[in-house]
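The values are calculated or read from the model by the stated rules, or taken from the named source; none is laboratory data. Everything numeric in this text was worked out from a predicted model, so none of it was measured. In this analysis, Cβ positions are derived from the backbone assuming ideal geometry, glycine residues included, and neighbour counts consider all displayed protein chains.
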Amino acid sequence: MRVTQSMLYANANSSLARDLTALQSATEKVSSGKQLNKPSDNPADVRSSVGMNDTLSQLNQYLRNIDNATSKVGAMDTALSSAGDLIQRANELAIQGANGTLDAGQRQAIAAEVSQLTEAMASDASAKVGDEYIFSGFRVDRAPFQVTGPGQVGAYQGDQGVMIARVGQASTMQINLSGDAVFQPALTALTQLQTDLNSGQPVQQTTIAQISAALQNLLQARATVGARANRLDDAKTSQGALVTSNTALLSQLEDADMPSAITEMMKRQTTYQATLAVTAKVMQTSLIDYLR
Amino acid sequence: MSSPFFGLDIGASALRAAQQMLDTAAHNVANANTPGYSRQRVTVVEAPPYTVPTFNRSGLPGQIGSGVTVQAITSARDNFLNLQVQAQASLKGEWDTRQQELAKVESIFPEPSTSGLGSVISKYWSAWQDVASDPTSTAARTALTEQAASLSMEVNRDSTQLGMIATGIDSQVSSQVTTVNDLAKQIASLNGQIQRVTITGNQPNDLIDQRQQLLEQLSAIVPANVLSQPDGTLGVYIGGTDLVTNVYARQMVAAKDSSGHITPTWADGSAVSLPSGQMKALIDVRDGDVAGYRTPLDALAKGIADSTNTLHQAGVDANGNAGVPLFTYLSGNAAATLAVNPAVAADPRLVAASGAPNSPGDGSVAGLIADLQNARSYSVGVAGTNVVGGMSLMTNTTARVTTISADTAVAQVYTFSSTAPNTLTLTGADGSTQTVNLADMTAGATQAVNFDQLGVKLSVTAGAAGKAGADLITDFTTPGHNTLVATSLYTQPQTTSDFYAGLVGKIGTASSQAQEMSSNQQLVVDQLTNRVAEVSGVSLDEEATDMIRFQHAYQAAARVITTMDEMLNTLINVTGLVGRG
């Protein structure tokens with residue numbers, strides 16, 4: 001084979017270009033930490049990665065939805081707990097008021113406290129998250145019950161709207177409770193209790209029964225809210241686990257295996273340097289250098 | 001007996017030959033790095049021997065050597081190799097260009113990333129979820145309109161960038177047409193010079209090298225076939241049409257085609273057939289790949305906009321009014337013109353998140369729109385175009401969940417029938433039916449024929465004469481035309497993300513194939529170039545030894561002349577001086 005100078009130069013150029021391209025792509029992997037940097041790096045994997053990024057974005061969104069729902073459920077629980085205490089106190093007062101030995105003045109005093117309880121109950125029903133009344137259904141811009149006078153509360157102002165939270169793919173749950181269902185019986189009972197006490201007669205047994213039914217109703221609502229909080233917790237755990245596993249999968253797909261990427265880069269670098277050294281040696285000499 | 005001056009002539013011929021050989025070595029060294037240069041060699045032969053005229057053979061030799069003659073200067077060239085180099089140069093030009101252009105396309109879709117269109121789409125749907133969980137929050141509504149705006153901008157940008165690649169290709173094609181014309185003229189002019197040298201019996205070595213070099217440049221752009229003529233000229237053919245014949249060059253014209261793109265044609269208007277080369281790659285990328293990526297991008301933009309708008313318009317905004325379209329776009333150019341309705345962008349209260357008036361806490365419609373993220377769209381098409389007389393049925397992509405079938409792609413056969421004048425009935429594979437009324441159409445008008453419940457949307461375009469609704473019914477229900485088979489065109493249902501991932505995958509595959517082919521082709525060309533260099537390249541070591549060889553020959557020839565001179569000096573000045581003291 002006849003070897004000419006131009007072959008040497010051309011070969012040196014193409015070897016150097018090849019080595020440098022390989023070094024560059026190895027360096028890109030190391031510096032970006034990703035093995036997928038553009039669609040052509042591995043079209044099938046990039047395709048899956050786009051899909052998985054979408055899934056991951058959804059999962060993170062579900063986590064945000066769950067947090068949002070949790071804060072609402074938490075506020076509802078606080079309000080219901082306080083309302084439960086109020087109705088409990090009303091129950092004690094009712095039993096006290098049913099005692100025939102009390103005089104009218106003492107009953108009036110009790111009635112004054114019940115009036116305070118009624119207003120406090122309306123205020124509990126007006127619990128807000130941000131600017132939204134949570135017991136008003138979709139009418140979050142209006143308090144569910146308004147205090148119309150001392151111990152007097154108006155009719156329910158909200159609607160029966162059901163707020164749904166998306167807590168997972170194809171998994172939704174109801175968040176809110178209507179103030180109508182939860183607080184109305186208690187408020188009615190409290191109003192009746194005031195009427196009974198103001199009448200100067202001992203509190204009727206039916207009123208006491210009404211109060212304990214309202215208490216049961218509130219306890220049940222609290223149980224429901226507690227169950228929802230648990231479900232949200234569970235959902236958060238399971239979605240969180242999905243986020244972790246999907247992130248790991250995505251990382252497996254996208255991220256470069258650092259030790260092997262660095263080894264690869266060092267190997268490319270060595271090859272490149274060797275090519276440079278050899279090229280420099282070969283290109284320096286020809287017969288001309290030895291003719292004197 | 002030969003003349004005493006005979007030896008001087010022999011010496012002179014040797015001097016001339018040695019000098020010629022040294023000159024050629026100098027020429028070789030001078031052109032060692034000239035692209036396309038083939039090393040030259042001096043062919044020397046013995047000069048015709050001198051026969052001593054005599055009647056009877058004396059003791060003298062019959063023929064006397066008379067020195068050396070330069071017969072020709074030839075160049076080392078392998079024509080078969082040159083043809084191979086040309087053919088491979090066309091392929092290399094094609095794949096290199098394809099790889100470069102597709103790399104530009106790829107850079108528009110930098111996936112996987114947290115800022116590409118894929119993540120913008122995910123964020124858009126997420127923003128709807130935030131509105132659904134907190135419909136009274138102005139922040140969530142504003143975030144949504146911002147996200148919708150960045151979705152629009154991203155889709156606009158991608159579409160515009162694809163358009164810019166197509167425009168860039170147009171200007172490259174037109175400058176390549178100029179280059180081809182220039183090269184053709186230069187080759188034709190060299191043909192003329194070569195012809196003149198050849199008919200005098202000489203070797204136009206350097207001119208042939210130059211022509212070969214031009215042919216290789218030409219081959220990279222357009223695939224050139226060559227045909228050698230006895231007079232030394234070369235015919236050059238592009239896709240069967242002669243570009244250069246003898247000293248005449250045909251001209252190529254950069255013409256605008258019906259879509260406004262630059263396409264090469266011959267000066268007489270006939271099409272240029274391009275089996276390979278850079279120009280073919282440019283046209284392929286522009287009309288095949290780039291156009292093929294713009295269509296799904298349009299479908300994606302349209303799918304997101306239409307499906308959002310449909311639900312949004314069914315919703316109620318924070319003012320208690322019915323929703324307005326969230327997105328606007330110009331049909332036929334959806335990706336480039338997608339925009340957020342300026343009214344909604346200006347007032348986030350116009351985001352229709354609720355299902356009823358006076359329900360500020362109701363985010364049910366926002367929730368439904370957010371659910372579109374996982375909705376699967378069906379792409380339904382018609383087997384064959386123009387299957388219905390006088391009309392074209394177009395493929396339509398809709399982003400809505402239908403009841404055609406579960407997630408499996410199966411052949412669906414739909415049958416058209418008519419139950420009343422102007423009423424067209426479509427019967428689905430499961431026997432479910434839906435009817436629509438077909439309106440009369442003026443010339444060139446288009447109307448949508450939507451069998452929404454069956455998931456089939458068709459667009460019907462009237463011909464130049466227009467069409468009455470009743471006639472359209474006849475066209476649809478004519479035997480042989482009345483079955484809509486959506487087999488091959490019925491694609492796997494996909495979400496917006498699947499759809500986009502598919503597009504990215506397609507771009508990645510095309511680009512990675514081009515990269516691979518381009519580097520393979522580079523190896524082939526490198527190998528061939530090496531073989532050409534092996535045959536035709538100048539070796540400086542070889543030339544150095546030759547120079548020493550020829551220098552010695554020259555010195556020896558000069559010494560011969562000196563010796564002859566001394567002999568003649570002896571003969572003329574010294575001979576016959578006997579006895580003169």
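For the reader, a short list of remarks on this structure follows.
- Residue within the range A:180-199 that is surrounded by 14 or more Cβ atoms within 10 Å (Cβ to Cβ), touching a helix residue (DSSP H, G or I) at 6+ places or on another chain (Cβ under 8 Å) and more than 30 Å from A:Gly154 (Cβ to Cβ) present: no
- Filter pass, B:Leu218 being within 30 Å of the chain's Cα centre (by Cα), part of a helix (DSSP H, G or I) and farther than 23 Å from B:Arg41 by Cβ: yes
- Residue in the range B:198-206 that is more than 29 Å from A:Thr172 (Cα to Cα) and within 34 Å of the chain's Cα centre (by Cα) present: yes
- The helices (runs of 4 or more DSSP H) falling completely within the range B:293-377 that include 1 or more residues that are polar (S, T, N, Q), in contact (Cβ under 8 Å) with a residue 24 or more places away in the chain and within 27 Å of A:Asp54 (Cβ to Cβ) map to B:334-337, B:364-371.
- Boolean, B:Glu106 is part of a helix (DSSP H, G or I), within 7 Å of another protein chain (Cβ to nearest Cβ) and farther than 22 Å from A:Thr247 by Cβ: yes
- Number of the exception - B:Gln88 against (1) touching a residue at least 24 places away in the same chain (Cβ under 8 Å); (2) within 11 Å of chain A (Cβ to nearest Cβ): (2)
- The lone exception for B:Ile304 - which of (1) over 24 Å from B:Gly168 (Cα atoms); (2) modelled with pLDDT of 90 or more; (3) among the hydrophobic types (A, V, I, L, M, F, W, C) it fails: (2)
- Condition check for A:Leu250: touching a Leu at 6+ places or on another chain (Cβ under 8 Å), within 22 Å of B:Pro112 (Cβ to Cβ) and of a type outside the set (Val, Ile, Thr): yes
- Some residue of the range B:118-127 being under 30 Å from B:Ala353 (Cβ atoms), without any contact (Cβ under 8 Å) to a residue 40 or more places away in the chain, within 14 Å of chain A (Cβ to nearest Cβ) and in a loop (DSSP other than H, G, I, E, B): no
- Among the conditions (1) touching a Leu at 6+ places or on another chain (Cβ under 8 Å); (2) part of a strand (DSSP E or B); (3) acidic (Asp, Glu), B:Asp158 misses just one, which is (2).
- Hey, B:Leu151 within 30 Å of B:Gln100 (Cα to Cα), part of a helix (DSSP H, G or I) and without any contact (Cβ under 8 Å) to a residue 40 or more places away in the chain or not: no
- Residue check for B:Ala336: within 30 Å of the chain's Cα centre (by Cα), buried (at least 20 other Cβ atoms within 10 Å of the Cβ) and away from every other protein chain (no Cβ under 14 Å): yes
- Only residues that are surrounded by 12 or more Cβ atoms within 10 Å (Cβ to Cβ), at pLDDT below 85 and assigned to a helix (DSSP H, G or I) were counted in the range A:269-292, giving 4.
- Candidate set: the range B:87-104, residues that are farther than 16 Å from B:Asn520 by Cα and buried (at least 20 other Cβ atoms within 10 Å of the Cβ); chosen: the one nearest to the chain's Cα centre (by Cα): B:Glu101
- For the range A:63-84, a residue qualifies if it is touching a residue at least 60 places away in the same chain (Cβ under 8 Å) and within 8 Å of chain B (Cβ to nearest Cβ), and the qualifying residues are A:Asn65, A:Asn68, A:Ala69.
- Residue check for B:Thr545: closer than 28 Å to B:Arg16 by Cβ, more than 14 Å from chain A (Cβ to nearest Cβ) and out of contact with any Lys or Arg (no Cβ under 6 Å at 6 or more places or on another chain): no
- Of the residues A:Gln160, A:Gln169, the single one that is under 25 Å from the mean Cα position of the chain (by Cα) and surrounded by fewer than 14 Cβ atoms within 10 Å (Cβ to Cβ) is A:Gln160.
- Restricting the first member to the range B:221-243 and to residues that are under 20 Å from B:Asp268 (Cβ atoms), and the second to residues that are of a type in the set (Gly, Ala, Ser) and assigned to a loop (DSSP other than H, G, I, E, B), the beta-carbon pairs closer than 6 Å and six or more apart or on different chains are B:Val222/B:Gly277; B:Gly239/B:Ser273.
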